Amino acid sequence: MITTAAENLSLFGRDPWWLIVVKAVFCFAFAMLTVLFSIVWERKVVAWMQLRIGPNRHGPWGMLQSLADGVKLMLKEDVVVKGADKVVYILAPIVAAIPAFMAFAVIPFGPADNEISVFGTRTPMQLTDLPVGVLFILATASVGIYGIVLAGWSSGSTYPLLGGLRSTAQMISYEIAMGLSFAAVFLYSHSMSTSQIVASQQDKWYVLLLPVSFIVYVVAMVGETNRAPFDLPEAEGELVGGFNTEYSSIKFAMFMLAEYVNMVTVSAVATTLFLGGWRAPWPITTFWDGANHGWWPLLWFTVKIQLSLFFFIWLRGTLPRMRYDQFMKLGWKVLIPVSMVWLMLVAAVRALRNDNYDFGRIALYVGGAVLVVLLLSLVVDVFRDRGRKRADAEADAEADRKPFDPMAGGYPVPPLPGQTLPPVPRRRPRGERQLVPVNGENGTGTTNGEETGDDH
Amino acid sequence: MNAYAPILVLGGLGAGFAIFSVITASLTGPKRYNRAKLEAYECGIEPTPQPAGGGRFPIKYYLTAMLFIVFDIEIVFLYPWAVSFDALGLFGLVEMLLFVLTVFVAYAYVWRRGGLEWD
């Protein structure tokens, strides 16, 4: 298996230099056009979901909206704030943008066996491939985080610093879950090269074989790209704009561009690792043999990426933003253990199947053990809860015995649960008041509502 | 080595685009001086003075970064193991289970001590 992988990778790195440039320009243009399209598409779809029309002024059907936005941002003033660390401040958007594009170098747009010819030279439909292709994608994603943390730090302002830190913590937390979900794929494909991973999905896509990994990856990719419902770094209500608050003009556009290119990249990775890459979806391949040959794979790949991007937009149109503590809890306490246990389960099943063990009995033993552990944890939980409840009740009783002081420490304080406010001194009802006659000139005993001063 | 050259070409394209845009925008945009515009933005109030180097921020972020390193290295160990899993057989599985258990002792400790809590 490993030797065949090395053999197939020998198809890469043989292009003449002009073809490398052509393919690199194609990759760049593909990423750029997908981004330009998906910005308009996102605004359109979110508008429809909110019963609006969306952009429709620039070009036919508003399709040139993102181009117009880019030109507008080009013509805006490039403000460098006074407190900024100038060099890092200018470098940060560039650092964020470059690795976003670089990840596309190892994405397979089509089969790796010299299917197409460009100006008479046959070449694989992929810029290049490495034995550690997916690791390279993870590395570029990590370098992209530097852009964000440097932007937040170098702005010399409070909100960007907090936004940048938040972004960083969020992205690195979800990178772990993302990396763990990849490991299960490598277990099946015997390779980290993207072309090999697609090649090994000939019979069955990994989304069917490894559904849990796919779900973990989908959650992690939304967290990794700072998209709704995980768009906490730009939570306007608390952080203004997040790490890019102090940025204007094209530098701001660079961050937006990097975000969208990252979206396209993670969609491409999801397609490559789990959704069969450039392979045609199932019903098509049954009646059309040519679906996976020639230039057609590019179409299937693009369609899959667009569906994934639509999923991103759909999430944004549907879900409210999460709270930061819930978000970190999901990442650290749910996704990591789940993907770890899933990986070990997949590995165990595969190892046992390789060694031809009696599968049913082992599954029974393992299932029984898991059940016992779950039951034990439930019992422990119940007892722990009981102890805590008793302690809580005692504390409450203790608090009830003390009279509530509404002006503790000189400040008015609200009552805690279980405490009651002392009665508010109120005016008594009119009937109970004892009225005193005012001795006016006529002395007929008219009243002006003044009370006797016994309770004042 | 030749397989790595296209990555540099694509990176060069990206870098060229980014640097070109940043330089062009600094030439095409207007320049109107305004003292208030150059202040840090804090919703219109006078900006808080920033200590040199960005000042202090919550220690939780350091903790997250350290935990990230622990798990990231674990993942880096997992990848070659996963790639050559079939060659290693049952022995590889048991070894990796032991390793993961060791890491998860630390994970359970951090969880129990509240290292994963955010407020």
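Quick notes
- Mean residue ellipticity at 222 nm, helices only, chain A: -20000 deg cm²/dmol; runs of at least 4 DSSP H residues each add -39,500 (n - 2.57), and the sum is divided by the number of residues.
- Charge dipole (debye, nearest 20) of the stretch B:53-119; +1 at Cβ of Lys and Arg, -1 at Cβ of Asp and Glu: 340
- Total formal charge among the other residues, if their Cβ is under 15 angstrom from that of residue A:65, Lys/Arg +1 and Asp/Glu -1: +3
- Listed from fewest to most Cβ neighbours within 10 Å, the set A:123, A:302 follows the order A:302, A:123.
- Structure remark: mean-square fluctuation, Gaussian network model of chain B, C-alpha springs under 10 Å; the largest value among B:18, B:82, B:108 belongs to B:18.
- Within the protein assembly as shown, the ratio Rg/Rh, alpha carbon atoms throughout and Rh by Kirkwood, equals 1.12.
- Helix A:296-318 vs. chain A, principal-axis angle (Cα, 0 to 90°, nearest 10): 0
- Ordering A:148, A:357, A:416 by the projection of their Cα atoms onto the charge dipole of the protein assembly as shown, which places +1 on the Cβ of Lys and Arg and -1 on the Cβ of Asp and Glu, puts A:148 at the extreme positive end.
- Residue A:384/residue B:94 FRET efficiency (R0 35 Å; Cβ-Cβ; nearest 0.05): 0.60
- Under 15 Å, Cβ to Cβ, from residue A:182 - net charge with Lys/Arg +1 and Asp/Glu -1: -4
- Within the shell defined by Cβ-Cβ distances under 15 Å, the residues around residue A:38 carry a net charge of +2, with Lys and Arg each +1 and Asp and Glu each -1.
- Rounded tilt (10° steps) of B:60-83 against the dominant C-alpha axis of chain B: 50
- Gain in span if fully extended, residue A:433 to residue A:311, counting 0.36 nm per residue against the direct Cα distance: 36.9 nm
- Taking 1.567 mPa s as the viscosity and 4 °C as the temperature, the Stokes-Einstein diffusion coefficient of the stretch B:53-119 based on its alpha-carbon Kirkwood radius rounds to 92 µm²/s.
- Charged-residue dipole, Cβ positions (Lys, Arg, Asp, Glu), the protein assembly as shown about Cα centre, Debye nearest 20: 720
- The C-alpha atoms of chain A define a longest principal axis, and helix A:133-154 lies at about 40 degrees to it.
- Figure legend: label point modelled 7 angstrom from the Cα of residue A:117 along Cα→Cβ; residues of the stretch A:286-329 with amide N under 19 Å from it are A:293-297.
- Top positive-direction residue, dipole computed over chain A with Cβ charges, set A:302, A:229, A:183: A:302
- Counting every pair of alpha carbons in the stretch A:239-365, the share spaced more than 19 Å apart comes to 73 percent.
- Across the stretch A:8-355, the mean sequence separation of Cα contacts (distance under 8 Å, 6 or more residues apart), normalised by length, yields a relative contact order of 22 percent.
- The modelled label-to-label distance between residue A:325 and residue A:392, using points 7 Å beyond Cα along the C-beta direction, is 1.5 nm.
- Candidates B:65, B:100, B:28 compared by Cα position along the dipole of chain B: farthest toward the positive end lies B:28, with charges placed on Cβ.
Taken together, the values in this text are just the output of simple stated rules run on the coordinates, not laboratory data. As the structure is a prediction and not an experimental result, all values here were calculated from the model. Neighbour counts are summed over all protein chains in view; Cβ atoms, including those assigned to glycine, are modelled from backbone coordinates with ideal geometry.
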